[in-house]
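Novice: Quick one: structure below, then a few questions.
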Amino acid sequence: MKKSIERIDWVDVLKFLGIFAIYLGHFADSAGKFYPFVFEYHVALFFFVSGFFLKYKKEERYIEFAIKKFKRLMIPYFSLTFLYLIIYSSQNNFDVSAVLPFIKNIFLGVRNTLVVGSAWFIPCLFIALLMFDGFMRIFKGNKLGVLFCSIVCFLISMYLFPVIGISIPSLFWNIDSAFYYIIYVALGNVFYSCIEKFDFEKLSNQLKYLYINFNIFSILFTIAVYFKGSNYFINFLHISNSLGLTILYVVKTLIMIYANVLLAKSLVHIPVLSKIGKDTLYLCGIEGLWKITVFSIMASIGLYVNFEGPLYAISCTAILIFSASYTIIPFLKKYFSKLIGEN
């Protein structure tokens, strides 16, 4: 039982690391090297984690699965984005004609068009989970079959609609981006199955040696990407064909995600991190709302934050996430639980 609880806790800590990276990345150039660094892996990490506990449930109809995920994901998406729009419109004195395009964009959910930038992830995840569950039903829970279909979807996103895919998303609820990211859902599903069966003590000495060295390599590789960027390795390996670059990019992302797994496991005994990690969906949805609230309160009492430099960006990220986790999120859970998908 203790081992099972620890496994769940490290997953929550991993989600905390992911949402921290997303908040930090949204400080853009003020975050220094962290800005391009976190964009190398943070979105893929959340799709990866979302695949951990997905299982084939023959007794559950597809429509039941879809309704359950809609309540869990899309109801909070609409609730939180409209709440932010109300506050944002009031702050900027928008009239009805100015608000209508924002409302349209909320319903379409297309990436880079939303008033709450990070909220695009929620409808995209909803579509990716529907696709994944459909593949699970087709292959009756065979993970390799599901992974194969996910790879096909990934390649379609890269080669059949590269312009409207990950580069310039344009489809309803980010269907194009869901095609791109579903590979990480499938890989997360396979990865977690391996973790459940993993026992270091049962490995041979050679495999123990390889495992330890791979852990060291993944950490050093991630540090190198921070300082040098991923293009450094592309140039070093002299890879120029598109398929090779695609494979390299996915491998690079997985190594960085794995480094975050190692970090999460090392931080698993800090309860506050796993507590915050359980609320990443809400932290994603309220990011813009909470930034306006916190920085407006600070300005009203004469506190002005200098956003220049990674140290300031990290400090502001910590303030936003920790304060939200102990104020607005408990409030929303207590009084608006149905609107944020708790029930």
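The values are calculated or read from the model by the stated rules, or taken from the named source; none is laboratory data. It should be emphasised that the depicted structure is a prediction, and the values quoted were computed from it without experimental measurement. A quick note on method: Cβ atoms are made from the backbone with ideal geometry, for glycine too, and the neighbour counts reach across all protein chains shown.
Novice: Enumerate the pairs (first residue in segment 299-316 and under 16 Å from residue 32 (Cα atoms); second residue anywhere and at pLDDT below 80 and exposed (fewer than 11 other Cβ atoms within 10 Å of the Cβ)) with beta-carbon separation below 7 Å, excluding pairs fewer than 6 apart on the same chain, so at least 6 apart or on different chains.
Specialist: 312/306
Novice: Quick one: in segment 165-175, which of the residues that are loosely packed, with under 15 Cβ neighbours inside 10 Å and assigned to a helix (DSSP H, G or I) is modelled with the highest pLDDT?
Specialist: 172
Novice: Separate question: Within segment 8-57, how many residues are in contact (Cβ under 8 Å) with a residue 24 or more places away in the chain and not in a helix (DSSP H, G or I)?
Specialist: 12
Novice: Now for a separate question. Taking residue 252 as meeting all but one of (1) out of contact with any Leu (no Cβ under 8 Å at 6 or more places or on another chain); (2) under 21 Å from residue 317 (Cα atoms); (3) charged (D, E, K, R), write down the number of the exception.
Specialist: Of (1) out of contact with any Leu (no Cβ under 8 Å at 6 or more places or on another chain); (2) under 21 Å from residue 317 (Cα atoms); (3) charged (D, E, K, R), only one is false for residue 252: (2).
Novice: Of these, 75, 63, 67, which one is in a helix (DSSP H, G or I), modelled with pLDDT of 90 or more, surrounded by fewer than 11 Cβ atoms within 10 Å (Cβ to Cβ) and more than 16 Å from the chain's Cα centre (by Cα)?
Specialist: 63 is the lone residue from the list that is in a helix (DSSP H, G or I), modelled with pLDDT of 90 or more, surrounded by fewer than 11 Cβ atoms within 10 Å (Cβ to Cβ) and more than 16 Å from the chain's Cα centre (by Cα).
Novice: Do you know which of the residues in segment 1-50 that are surrounded by fewer than 16 Cβ atoms within 10 Å (Cβ to Cβ) and basic (Lys, Arg) is modelled with the highest pLDDT?
Specialist: Once the filter is applied, the top-ranked residue is 33.
Novice: Still on this structure, please answer the following. Would you check which residues across segment 193-231 are of a type in the set (S, T, N, Q), surrounded by fewer than 10 Cβ atoms within 10 Å (Cβ to Cβ) and assigned to a helix (DSSP H, G or I) and list them?
Specialist: 205, 206
Novice: Can you tell me which residues in segment 208-232 are of a type outside the set (A, V, I, L, M), closer than 16 Å to residue 249 by Cβ and touching a residue at least 60 places away in the same chain (Cβ under 8 Å)?
Specialist: Result: 229, 230.
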